[in-house]
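Asker: Can you read through this structure? Questions will come right after.
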Amino acid sequence: MFQNLPSALLAASPAVPVLAPATGAVATLQALVAEGVDTIFGYPGGAIIPIYDVLYDFKEQLNHVLVRHEQGGIHAAQGYARSSGRVGVVLATSGPGATNLVTGLADALIDSTPLVCITGQVFAHLLGTDAFQETDIINITTPVTKWNYQVTNAEEIPEALAKAFYIARSGRPGPVLVDITKNAQIQTFDAPEYQPCHHIRSYRPAPVVRPEYIEQAAALINNAQRPFILWGQGVVLGSAEQEFREFVEHSGIPAAWTILGVGALPTGHPLNVGMLGMHGNYGPNVLTNECDVLIAIGMRFDDRVTGRLDKYAKQAQVIHLDIDPTEIDKNVKATVPVWGDCKETLPLLTALVEPRQHTAWLARFNDHTEQEVNAVIREELFPTTEELTMGEIMQQLNEITQGEAIIVSDVGQHQMIACRYAQLNHSRSNITSGGLGTMGFALPAAIGAKLGAPDRTVVAVIGDGGFQMTIQELGTIMQTGVDVKIMIFNNQFLGMVRQWQELFHQRRYSFVDIQSPDFVAVAAGYRIAGQRVDARADLRPALERMLAHPGSFLLEVMVTKENNIFPMVPQGCSVAEIRLR
Amino acid sequence: MSTEPVDRQEYNITAYTENQVGLLNRIAIIFSRRKINIESLNVSPSEIEGIHRFNIVIVETEEVVEKLAKQIEKQVEVLKVYYNTNADVIWQEMALYKVPTDVIAEKVLVERLLRENGARAVVIRKDYTVFETTGHREETDSLIKALQPYGLIEFVRSARIAIIKASDGFHHKLKDFERREPSEEVAENEFLNDREQVFTM
Ligand SMILES: Cc1ncc(C[n+]2csc(CCOP(=O)(O)OP(=O)(O)O)c2C)c(N)n1
């Protein structure tokens, strides 16, 4: 293939691997075991029966969780990956099984979640014939995978899966899909001993770190009067929490987070000044347009974070640290690009940055916090009205869990409340659908999160709308006995859409009024304990009961119907135009 | 429709890739997702065995082209992407023209026509003759004009191929990559070549 290779490289080729007869299905599961997989989420069907057949013999090594819908399976795998830091694995059959993965793939791609999805496919000789349950899943999933590949011969399986795992977890992580035709699953071949993949010629997971950029970044920071750090999930994905904390504490720079970055620095840390973006905190948004140096770490300047781009931090010099070169200059032009894994680049930067304290500048954040507390937060967390607020539920939960729980949130008003107000002491504690905003994410993701972090308490925060999108996963909870605490914040509306209609569409509440079943009774049908609360006096005891309950518990809390999440940067406005009311 | 920004111009994107099923689609959707029209696309083997070379022409601003190039390079099977203005590359397109032989033989000073347009006859049959030219768009266009009055039957032009003036080839770069991070020999999709064997399972 490549003739002029130095002879030293040729000599380094591995010893002859051991061959043993195996079917493609066996090789598939052997690959999973060799990759250290312990949990798989899946749903069987005709085109993947051979793999399921072998799974019967692999029960000891591989814990298979039978979900109730493939979308539930992939969200569960996402939750697993996010809480554990490992690769989530999903099995699905061809056709409808495979297409049910698409939403989860899109979600995982935009949120950089490492997943390996294995789909069954019709026999290779039937490809392209519109065979029963045939769908061109490779082309369907091309825009929503980091990589995908169709296997038509068993001999390809070990290498394809080795590449899949390597690509999913390396560099900027992401979902990959391997589609295996049925003939390849059945076919017997001489399987070599499994070789994990550590390198692909055409794939550079992380760019080479350039010392001159580190030096330039340090010089900017050392000369800054009002530097400001924005951090995202890159810190978590790079396992760079410690390096990040050292950088923040050493430089004394106030730092704010995106909703996927939260937890990398405890929410109570004195230099943690809050959440960015549309429903973020007042100070970080307003002061983005006043800082002189903006240090973005492992975040991608999503439009929910930046608001109107042409009015975003125009006064600032921007330092952007990212492992993915396509993120640099994509939305916000960087003065200094720091390519690389932040686990590697942050310590280099810390070493060149002078220790400082930005007391006066930090005080400005605290002033804004005070304004926000007076205008919004106090009433949200300690309401004077009769009706329960979403914020007070989070406040009570924080008091009981003391920031030790994993919070999995769905999408809507409750998500913004959960992300804004959850107290998180640890990284990998906030699991939510950030980039795609997928309703129905939380229930299955919570199942996965608990399986990925069995020692931690997992609390799912879900709206009455989103819960009904994947409500069937209560069946998965029933069957596996997984322990998740499910909280439904029931405002009897598709609340976030209602808020927009109220604020921007003259209160024309078009199809946002949603009826729900008796959720506690539904849970009871699945043999899951539950309680419904609509009075303040019952809230705290119910939360305590839920957390003390051995096993899953569903708590439905009736909250104010028409409450709005503030502050808010209206769409199309600058972050500095954030509204407190 | 909207007026074009002045800084839009033709850019030649050159991508070196693995020879992989599905990659064309992966690259194409990087453009279609942004509603960018590809003016010309050519894929061919490069000077390195197993490595293919895409030549893609679009009309865009440099800022957009730079982002697109990065997005293409981000794909797992893509080794390297360059982008260049027309001034930075040597480029050619090839055109074929089919005309009725009798008309041409009777009415045209064929020799002169060929000379003036740098063309060459590829096939001469009783019923038709096929001419070929290569060059830039204006050059290949000029023969159309000359042949139209004589009953041009069919015309086709190829995608653009381009060689970057300043590059010393990719071979060198790849060797450098491999020296830093050597890979095992990976045979991509070798099984798709034995379709018979696979498909009769
Ligand atoms: C799959 C999907 N469909 C539609 C939307 C649009 N959407 C965003 S928030 C929202 C309302 C969510 O309502 P609910 O789950 O009750 O939560 P709340 O906002 O009331 O807390 C909707 C419909 C979405 N994000 N995802």
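Asker: Checking A:Asp329 against (1) of a type outside the set (Ser, Thr, Tyr); (2) in a helix (DSSP H, G or I); (3) without any contact (Cβ under 8 Å) to a residue 24 or more places away in the chain, only one condition comes out false. Which one?
Answerer: (2)
Asker: Before we move on, is B:Ala95 in contact with a strand residue (DSSP E or B) (Cβ under 7 Å, 6 or more places away or on another chain) and more than 14 Å from chain A (Cβ to nearest Cβ)?
Answerer: Answer is yes for this residue.
Asker: For B:Glu106, state whether it is surrounded by fewer than 16 Cβ atoms within 10 Å (Cβ to Cβ), within 14 Å of another protein chain (Cβ to nearest Cβ) and not in a strand (DSSP E or B).
Answerer: No; evaluated as a whole, the condition is false for this residue.
Asker: Next up: Limited to region B:27-76, what total is found for residues that are in a strand (DSSP E or B), open to solvent by less than 70 Å² (accessible area, probe 1.4 Å) and either in contact with a helix residue (DSSP H, G or I) (Cβ under 8 Å, 6 or more places away or on another chain) or not hydroxyl-bearing (Ser, Thr, Tyr) (or both)?
Answerer: Going through region B:27-76 one residue at a time, the tally reaches 13.
Asker: Right, here's the next one. Which members of region B:78-97 meet the condition of being hydroxyl-bearing (Ser, Thr, Tyr) and under 30 Å from B:Tyr128 (Cβ atoms)?
Answerer: Listed by number, the list holds a single entry, B:Tyr97.
Asker: Now for a different question. Scan region B:79-92 residue by residue and report those that are away from every other protein chain (no Cβ under 14 Å) and open to solvent by less than 50 Å² (accessible area, probe 1.4 Å).
Answerer: Residues satisfying the conditions are B:Asn84, B:Thr85, B:Asn86, B:Val89, B:Trp91.
Asker: For region A:403-441, name all the residues that are closer than 15 Å to A:Ile74 by Cβ, among the hydrophobic types (A, V, I, L, M, F, W, C), within 11 Å of the ligand (Cβ to nearest atom) and touching a residue at least 60 places away in the same chain (Cβ under 8 Å).
Answerer: Result: A:Leu436, A:Phe441.
Asker: Then there is this: Taking strands (runs of 3 or more DSSP E) that fall entirely within region A:72-166, which contain at least 1 residues that are more than 14 Å from every other protein chain (Cβ to nearest Cβ)?
Answerer: Where strands (runs of 3 or more DSSP E) fall fully within region A:72-166 and carry at least 1 residues being more than 14 Å from every other protein chain (Cβ to nearest Cβ), they are A:88-92, A:115-121.
Asker: While we're looking at this one, here's another question. A:Thr350 is checked against (1) more than 16 Å from the ligand (Cβ to nearest atom); (2) closer than 26 Å to A:Gly104 by Cα; (3) open to solvent by less than 30 Å² (accessible area, probe 1.4 Å); (4) of a type in the set (Ser, Thr, Tyr) and fails just one. What number does that condition carry?
Answerer: With respect to (1) more than 16 Å from the ligand (Cβ to nearest atom); (2) closer than 26 Å to A:Gly104 by Cα; (3) open to solvent by less than 30 Å² (accessible area, probe 1.4 Å); (4) of a type in the set (Ser, Thr, Tyr), A:Thr350 is out only on (2).
Asker: Just wondering, is there one or more residues in region A:201-215 that are buried (at least 19 other Cβ atoms within 10 Å of the Cβ) and either part of a helix (DSSP H, G or I) or away from every other protein chain (no Cβ under 11 Å) (or both)?
Answerer: So far as region A:201-215 goes, yes, one or more of its residues are buried (at least 19 other Cβ atoms within 10 Å of the Cβ) and either part of a helix (DSSP H, G or I) or away from every other protein chain (no Cβ under 11 Å) (or both).
Asker: Considering each of A:Ala20, A:Ala15 in turn, give the residue that is at pLDDT below 95 and either assigned by TED's automatic domain parsing to the domain that holds A:Gly475 or not in a loop (DSSP other than H, G, I, E, B) (or both).
Answerer: A:Ala20
Asker: For the subset of region A:227-258 comprising residues that are of a type in the set (Ser, Thr, Tyr) and within 20 Å of A:Pro173 (Cα to Cα), which member is surrounded by the fewest Cβ atoms within 10 Å (Cβ to Cβ)? Steps first, answer last, please.
Answerer: First pass over region A:227-258, keeping only residues of a type in the set (Ser, Thr, Tyr): A:239, A:251, A:258.
Still in the list and also within 20 Å of A:Pro173 (Cα to Cα): A:239, A:258.
Working: A:Ser239: 15, A:Thr258: 26.
Per the stated criteria, the residue is A:Ser239.
Asker: Still on this structure: Quick check, is A:Asp341 within 13 Å of another protein chain (Cβ to nearest Cβ) and surrounded by 22 or more Cβ atoms within 10 Å (Cβ to Cβ)? Give the derivation first.
Answerer: Values: within 13 Å of another protein chain (Cβ to nearest Cβ): no; surrounded by 22 or more Cβ atoms within 10 Å (Cβ to Cβ): yes.
No; evaluated as a whole, the condition is false for this residue.
Asker: Right, here's the next one. Just need a number here: residues in region A:310-326 that are part of a helix (DSSP H, G or I) and open to solvent by 80 Å² or more (accessible area, probe 1.4 Å).
Answerer: Of the residues in that region, 2 qualify.
Asker: Can you name the residue in region A:449-468 that is within 15 Å of the ligand (Cβ to nearest atom) and part of a helix (DSSP H, G or I) and, of all such residues, is farthest from A:Asp518 (Cα to Cα)?
Answerer: A:Gly466
Asker: Which one of B:Val21, B:Val76 is within 14 Å of chain A (Cβ to nearest Cβ), of a type in the set (A, V, I, L, M), under 25 Å from A:Arg169 (Cα atoms) and free of Cβ contacts under 8 Å to residues at least 12 places away in the same chain?
Answerer: Sole residue among the options that is within 14 Å of chain A (Cβ to nearest Cβ), of a type in the set (A, V, I, L, M), under 25 Å from A:Arg169 (Cα atoms) and free of Cβ contacts under 8 Å to residues at least 12 places away in the same chain: B:Val76.
Asker: Then there is this: So which residues in region A:483-511 are open to solvent by 10 Å² or more (accessible area, probe 1.4 Å) and part of a loop (DSSP other than H, G, I, E, B), if there are any at all?
Answerer: A:Asp483, A:Gln492, A:Leu494, A:His505, A:Gln506, A:Arg507, A:Arg508, A:Tyr509, A:Ser510, A:Phe511
The values are calculated or read from the model by the stated rules, or taken from the named source; none is laboratory data. None of these values were measured; they are calculated from a predicted model. Positions of Cβ are backbone-derived with ideal geometry, glycine not excepted, and every protein chain shown enters the neighbour counts. Ligands, DNA and RNA are excluded from the accessible area calculation, which covers all protein heavy atoms including side chains. Shrake-Rupley method; radii C 1.70, N 1.55, O 1.52, S 1.80 Å.
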